[in-house]
Amino acid sequence: MSEDPVGSTLRTGPVLGIYAHPDDAEISAGGTMAKWVAAGREVHLLVLTNGDRGSSDPSQDRAELAATRLTETEAAAAFLGLASARSLGIADGELANTHDVREAVIRRIREVRAETVISVDPTAWFFENRYYNHSDHRMAGWVALDSVFPGSGNPHFFSEHLGEGLGVQEVADVWLGWSNEPNRTIDISGHMQTKIDALAAHASQLAEGIRFFEEFLTKDAAEAGAKIGVEHAEEFRVLDLS
Ligand SMILES: [Zn+2]
């Protein structure tokens, strides 16, 4: 299966992933991104922070970790077959939904002419009374939504972009992972190994190896898959804005 229509429309245009941390896209949507790439869609990634607090070692140099995580992001993007992977380099844990951050995100939406934006659900604060969502994840979701509307499609937001030759860009649909209110289950059977391989590229985050993630992500994907009778799946809250 190579198509995931939204409503009655089959989307084939460019995709921009907007995530807080270097490994969020793979964990949340790596299978779906790999599937879209395999179907011929151009998929880009914009990571908002540099992940420089992703260590429990007090002697870890943060600038060094940020550099390592950028290299890992690029390696992971190669596994997924992404058209580009960039980082805004904001300090980990300090992401805010500001005018400047939205300017950078809207610029990227316009540059890649994103038809689809994929990110995370900012309204998911608590998960089953077991843990709650990282502030950067929630912020990334709001930044993504607020950059799509009202933003990238409106010429009065960052009109200087238009002077640089960029056009306004209407985003047709937004896909939000890590949601408590998913409305779409996407078959990623055949792309699970790509998701795991891409995640494994984030070696700095895998002190105990990829096994833990492989087991829990595969179990998660199998549970989602069982809902629609397939081997593996990922779930999203999909907003059709077209
Ligand atoms: Zn994260």
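The values are calculated or read from the model by the stated rules, or taken from the named source; none is laboratory data. These numbers were taken from a predicted model, which means no experiment stands behind them. Cβ sites come from the backbone with ideal geometry, for glycine too, and all protein chains shown count toward neighbours. These accessible areas exclude ligands, DNA and RNA; they are computed on the full protein's heavy atoms, side chains included. Shrake-Rupley method; radii C 1.70, N 1.55, O 1.52, S 1.80 Å.
Output the number of the condition that Gln205 fails; it satisfies all remaining conditions of (1) free of Cβ contacts under 8 Å to residues at least 40 places away in the same chain; (2) touching an Asp or Glu at 6+ places or on another chain (Cβ under 6 Å).
Evaluating Gln205 over (1) free of Cβ contacts under 8 Å to residues at least 40 places away in the same chain; (2) touching an Asp or Glu at 6+ places or on another chain (Cβ under 6 Å) leaves (1) as the failure.
Hey, among Gly141, Gly151, which residue is within 17 Å of Ile118 (Cα to Cα), buried (at least 18 other Cβ atoms within 10 Å of the Cβ), at pLDDT 95 or above and within 16 Å of the ligand (Cβ to nearest atom)?
Being within 17 Å of Ile118 (Cα to Cα), buried (at least 18 other Cβ atoms within 10 Å of the Cβ), at pLDDT 95 or above and within 16 Å of the ligand (Cβ to nearest atom) holds for just one of Gly141, Gly151, which is Gly141.
Go through region 3-24 and count every residue that is open to solvent by 10 Å² or more (accessible area, probe 1.4 Å) and more than 24 Å from Glu170 (Cα to Cα).
So the count comes out to 2.
Within region 212-222, is there a residue that is part of a helix (DSSP H, G or I), farther than 30 Å from Thr68 by Cβ and open to solvent by 10 Å² or more (accessible area, probe 1.4 Å)?
For region 212-222, residues part of a helix (DSSP H, G or I), farther than 30 Å from Thr68 by Cβ and open to solvent by 10 Å² or more (accessible area, probe 1.4 Å): present.
With the requirement that a residue be open to solvent by 50 Å² or more (accessible area, probe 1.4 Å), assigned to a loop (DSSP other than H, G, I, E, B) and away from the ligand (no atom under 13 Å from the Cβ), what does region 110-138 give you?
Hits for region 110-138 are Arg113, Thr123, Trp125, Glu128, Asn129, Arg130.
Please determine, by comparing only the residues of region 25-57 that are more than 12 Å from the ligand (Cβ to nearest atom) and at pLDDT below 95, which one is surrounded by the most Cβ atoms within 10 Å (Cβ to Cβ).
Ranking the qualifying residues of region 25-57, first place goes to Ser55.
So which residues in region 72-99 are surrounded by 15 or more Cβ atoms within 10 Å (Cβ to Cβ) and of a type in the set (S, T, N, Q)?
Those that are surrounded by 15 or more Cβ atoms within 10 Å (Cβ to Cβ) and of a type in the set (S, T, N, Q): Thr73, Ser84, Ser87, Asn97.
Across region 3-24, which residue is modelled with the lowest pLDDT among those that are charged (D, E, K, R) and more than 13 Å from the ligand (Cβ to nearest atom)?
Step by step, filter region 3-24, then rank; the result is Glu3.
For every residue, the table says whether it meets (1) aromatic (Phe, Trp, Tyr); (2) within 16 Å of the chain's Cα centre (by Cα).
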position: His21; (1), (2): no, yes
position: Glu26; (1), (2): no, yes
position: Trp36; (1), (2): yes, yes
position: Arg41; (1), (2): no, yes
position: Asn97; (1), (2): no, no
position: Ile109; (1), (2): no, yes
